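Novice: What follows is a single structure, and I will ask about it in a moment.
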Amino acid sequence: MRFRTALLVVALVGAILNVASPSAAQDTASVGSPDLPGVYRGDLALLRNSNTSGPADALFNYGDPGDVPLVGDWNGDGIDTLGIRRGNAFYLRNSNTGGPADLTFAYGRSGDSVVTGDWNGDGIDTVGIRRGNAYFLRNSNTTGPADVVIGYGNATDTPVVGDWNGNGQDTFGVRRGNAFYLRNTLSTGVADIFLGYGTAGDTPVVGDWNGNGQDTFGVRRGNSYLLRNTNTSGPADVSFAFGNGGVDELPITGRWGPVLSPSPTSDPLVRVSVLATGLSIPWGLDIAPDGVIVVAERTGTISAVVGGVRRALVADMSDLFRSGETGLMGLELDPGFATNRRFYTCQGHVGPQIQVIAWTVDPAWTTATRVADPLVAGLPASTGRHGGCRLEFDQSGQLLIGTGDAAVGSLPQNLASLGGKVLRVDPSTGQGSVGNPFAGSADANTRRILTFGHRNVQGLAIRPNDGQPFSIEHGSFRDDEINLLVPGGNYGWSPVPGYNESVPMTDFSRFPDAVGAVWSSGPTTLATSGGAFIDGEEWGAWNGALAVASLKNSTLRLFFFDGAGRLTRQVVVAELDGTFGRLRSVELGPDRALYVTTSNGSNDKIIRVSPT
């Protein structure tokens with residue numbers, strides 16, 4: 001007997017439905033291996049290793065938001081992997097990782113529903129479409145005419161696919177209201193199995209839940225899976241929650257195989273301590289080589305925490321522009337701070353505009369003096385909305401400046417403007433750095449640009465092992481982003497005409513060559529803010545992760561990326577999951593601990609997080 005799996009995915013947008021069933025190859029190895037849950041959210045796949053509630057065991061990005069996911073065993077190796085359909089084209093992967101498609105071909109029309117299954121029992125899943133009430137099935141994952149054409153059910157039914165009798169060949173069925181009508185052969189006729197299960201609003205799912213070689217059905221309701229082990233009416237045999245149940249989150253199921261492993265057991269235990277209290281929106285901070293914490297409050301105060309005691313520095317803030325999100329924002333110490341005592345702030349300036357200013361501080365940590373006033377001027381400001389502004393040094397000693405678009409729609413794509421950009425400048429002169437992508441431009445602003453097409457950059461972080469720069473960005477009503485910065489890259493934000501925030505954060509329809517985010521939050525924003533890479537063996541499995549603070553979501557999240565920038569894992573640090581309210585900035589100190597600021601507006605704190 002061949003042991004089969006099956007998958008059903010309903011795309012809520014456009015009533016597109018995807019069904020896939022994995023292969024029958026390597027049958028002996030497949031015995032007893034059940035189908036498992038997952039979800040596809042935006043362009044992120046989250047997979048579980050058991051039919052239980054819990055965090056994802058694997059995460060990776062594939063495709064783009066708006067693509068329709070499908071699952072199948074495309075190469076007959078006994079493991080189900082992901083694919084997507086975009087328009088009438090299929091892009092299939094042979095491993096559950098991010099990367100380019102292993103198979104690409106066109107089939108059907110862009111408005112068709114999609115089904116996948118092993119139609120001829122050869123152990124390889126192939127695609128099909130449903131148009132009206134007719135199935136058009138292919139026996140190979142290539143462009144060509146249908147090998148099988150069959151009518152079944154009504155045009156408004158939802159198609160489902162599975163091996164209902166365990167014979168190694170997938171056949172179809174439909175769900176109408178809360179009833180399943182299943183066929184045991186690829187032929188027109190009456191249902192061989194007919195029964196009701198769940199409610200009419202549920203999303204159907206199909207799989208071999210107990211590993212016995214026969215597919216049975218289930219439903220997803222909200223974020224809960226309710227699964228039956230037999231194709232009969234009755235209560236759920238297995239029920240659990242996974243995912244968030246959002247309207248853009250689509251259930252997927254499959255036999256993910258040994259490519260997935262449980263979450264690492266070497267995740268560290270952490271110690272959390274509060275180092276300072278009584279602040280008001282501490283926006284930027286850095287840690288000096290001697291352990292002194294320097295912090296900028298948006299209200300206009302620069303403070304130093306020396307020996308556990310916080311003291312405000314004397315600093316001229318008479319020209320500070322404070323409005324809305326803008327005020328005293330990013331702060332960064334010079335790489336040569338131990339000898340030159342130099343640091344930088346990004347702050348609103350009356351006019352209004354935003355400026356980067358260079359300062360020095362005396363050895364006693366009492367007075368800050370402006371020494372380049374300004375270092376960079378002309379960053380746009382309007383009402384105070386979308387002022388950016390994060391500072392970070394790259395590994396070559398050049399200063400990166402993450403800016404906002406000032407809520408002016410034309411600025412992110414305007415290379416003569418510094419708004420909606422990541423800039424790269426010489427910290428001694430403020431001019432564009434040697435090697436910048438537009439270094440040959442006649443415009444001084446353009447020469448400063450590293451990347452463009454950003455909305456409101458809130459975080460910048462440099463990966464220690466390879467020097468790759470990442471930005472962290474606020475989305476509009478959706479799609480907060482983490483971006484891997486490519487010199488000269490356009491990140492696709494262009495909310496024109498006017499300031500139209502309904503456009504995508506990365507608008508591939510207008511900019512086909514735009515650089516896509518390596519992570520996006522999907523339909524719900526977290527208000528991601530500052531971030532820093534963890535760098536230290538004492539952190540165990542968390543070493544190398546990007547730690548990101550979030551304001552609205554009030555969490556500290558760890559994002560794990562491979563060398564190509566593909567997301568492989570995401571962790572919420574339990575000790576900072578809503579514990580301290582809104583979180584703003586994250587810095588890695590010379591002691592390899594993380595320093596995090598809150599942003600609640602009153603009695604804000606500086607928190608130290610370290611492995612035990």
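Novice: Tell me which residues come under 5 Å, amide H to amide H, from Val306 once H is placed; ignore anything under 5 positions away on its chain.
Specialist: Counting only residues 5 or more places away or on other chains, the set is Arg311.
Novice: Right, something else. What residues have an amide H closer than 5 Å to that of Asp118, excluding those fewer than 5 places away on the same chain, when H is modeled at 1.01 Å from N in the peptide plane?
Specialist: Hits under the 5 Å cutoff: Ser21, Thr126, Asp170.
Novice: How big is the charge dipole of segment 435-557 about its Cα centre, in debye rounded to the nearest 20, if each Lys and Arg gets +1 on its Cβ and each Asp and Glu gets -1 on its Cβ?
Specialist: Values: 8 positive and 12 negative charges, 57 e Å.
With only Lys, Arg, Asp and Glu charged at Cβ, the dipole is about 280 debye.
Novice: Just check segment 423-579 against the gyration tensor rule for me: Cα atoms, a ≥ b ≥ c as the square roots of the eigenvalues, rounded for a/c under 1.5, and otherwise prolate or oblate depending on whether a/b exceeds b/c.
Specialist: Details: a/c = 2.01, a/b = 1.27, b/c = 1.58.
Verdict is oblate for segment 423-579.
Novice: Additional query: If ligands, DNA and RNA are left out, what is the accessible area of Arg584 with a 1.4 Å probe, given in Å² to the nearest 10?
Specialist: 10
Novice: To the nearest 10 square angstrom, how much accessible area does Ser554 have with a 1.4 angstrom probe?
Specialist: 20
Novice: Moving on. Suppose every Lys and Arg Cβ carries +1 and every Asp and Glu Cβ carries -1, with no other charges. What dipole size does the chain come out with about its Cα centre, to the nearest 20 debye? Each step should come with its number before you reach the end.
Specialist: On the way: 45 positive and 58 negative charges, 211 e Å.
For the chain, the charge dipole is close to 1020 debye.
Novice: Report the extension gain between Ala444 and Ser50 in nm, rounded to one decimal, defined as 0.36 nm multiplied by the number of residues separating them, less their alpha carbon distance. Don't skip to the answer; put the middle values down first.
Specialist: Values: separation 394, 0.36 × 394 = 141.84 nm, distance 5.62 nm.
Full extension of this stretch gives 136.2 nm more.
Novice: For segment 48-65, in order, what is each residue's ³J(HN,Hα) by Karplus, 6.51 cos²θ - 1.76 cosθ + 1.60 with θ = phi - 60°, in whole Hz (x at glycine and Pro)?
Specialist: For segment 48-65, the Karplus-derived couplings read 10, 9, 8, 7, 9, 6, x, x, 5, 8, 8, 9, 7, 9, 7, x, 10, x Hz, x marking Gly and Pro.
Novice: Hey, any idea what % of the chain's accessible area is carbon plus sulfur with a 1.4 Å probe? Don't skip to the end; give the middle numbers.
Specialist: Working: 10800 of 20860 Å².
Here carbon and sulfur together make up 52 percent of the probe-accessible area.
Novice: With a 1.4 Å probe and every protein chain left in place, work out the accessible area per residue of segment 133-275 in Å², rounded to a whole number. Don't jump to the answer; show the numbers that get you there.
Specialist: Values: 5760 Å² over 143 residues.
Here the residues of segment 133-275 average 40 Å² of exposed surface.
Novice: Please arrange Met505, Met317 by accessible surface area, largest first, computed with a 1.4 Å probe and ligands excluded.
Specialist: On the way: Met505 5, Met317 35 Å².
Ranking Met505, Met317 by accessible area, largest first, yields Met317, Met505.
Novice: State the extension gain, in nm to one decimal, for the chain segment bounded by Val238 and Asn603, taking 0.36 nm per residue of separation less the distance between their alpha-carbons. Display every interim value, and only then the final one.
Specialist: Details: separation 365, 0.36 × 365 = 131.40 nm, distance 4.67 nm.
Gain in length upon complete extension: 126.7 nm.
Novice: Rounded to whole Hz and in sequence order, give me ³J(HN,Hα) for segment 296-302 from the Karplus expression 6.51 cos²θ - 1.76 cosθ + 1.60, θ = phi - 60°, writing x for Gly and Pro.
Specialist: Whole-Hz 3J(HN,Hα) from phi for segment 296-302: 10, 8, 4, 5, x, 10, 9.
Novice: Going by amide H atoms built from the backbone, whose H comes under 5 Å of the H on Gly378, apart from near neighbours?
Specialist: Ile354
Novice: What FRET efficiency, computed as 1/(1 + (r/R0)^6) with R0 = 30 Å and r the Cβ-Cβ distance, is obtained for Thr568 and Ala191, rounded to the nearest 0.05?
Specialist: Numbers: r = 43 Å, r/R0 = 1.43.
Here the calculated transfer efficiency is 0.10.
Novice: Each residue of segment 193-199 in order: what ³J(HN,Hα) in whole Hz does its phi give by Karplus 6.51 cos²θ - 1.76 cosθ + 1.60, θ = phi - 60°, with x for Gly and Pro?
Specialist: 10, 9, 6, x, 7, x, 10
Novice: Counting only heavy atoms of the protein chains, get the accessible area per residue of segment 355-431 (1.4 Å probe) and round it to a whole Å² value. All intermediate terms of the calculation are to be shown ahead of the outcome.
Specialist: Details: 2250 Å² over 77 residues.
The answer is 29 Å² per residue.
Novice: Any idea of Lys552's accessible area? Nearest 10 Å², probe 1.4 Å.
Specialist: Here the residue's solvent-accessible area equals roughly 120 Å².
Novice: Sorting Asp405, Asp57 by accessible area (1.4 Å probe), largest first, what list results? Write out the running numbers ahead of the final one.
Specialist: Details: Asp405 0, Asp57 30 Å².
The ordering from most to least exposed comes out as Asp57, Asp405.
Novice: Suppose we take every Cα in the chain and form the convex hull; what volume per residue is that in Å³? List each step's numbers first, then the result.
Specialist: Values: hull volume 90.7 nm³, N = 612.
Considering the Cα atoms of the chain, their hull volume per residue is 148 Å³.
Novice: With every protein chain left in place, what is the accessible area per residue of segment 494-585 in square angstrom, probe 1.4 Å? Numbers along the way, then the final one.
Specialist: Working: 3330 Å² over 92 residues.
On a per-residue basis, 36 Å².
Novice: Still on this model: Report the extension gain between Asp577 and Gln431 in nm, rounded to one decimal, defined as 0.36 nm multiplied by the number of residues separating them, less their alpha carbon distance.
Specialist: Values: separation 146, 0.36 × 146 = 52.56 nm, distance 4.08 nm.
Additional length available on full extension: 48.5 nm.
Novice: Moving on. Which log10 I(q)/I(0) values, to two decimals, does segment 42-114 give at q = 0.17, 0.19, 0.24 Å⁻¹ under the Debye formula with one point per Cα?
Specialist: Per q value, in the given order, log10 I(q)/I(0) is -0.66, -0.80, -1.14.
Novice: Putting +1 on Lys and Arg Cβ atoms and -1 on Asp and Glu Cβ atoms, find which of Ala372, Leu137, Leu556 reaches farthest to the positive end of the dipole of the chain.
Specialist: Ala372
The values are calculated or read from the model by the stated rules, or taken from the named source; none is laboratory data. A quick note: this is a predicted structure, and the numbers were derived from the prediction, not measured. Because the Cβ atoms are built from the backbone with ideal geometry, glycine has one as well, and the counts that use them run over all protein chains shown. Surface accessibility is based on the protein's heavy atoms, side chains included, excluding ligands, DNA and RNA. Shrake-Rupley method; radii C 1.70, N 1.55, O 1.52, S 1.80 Å.
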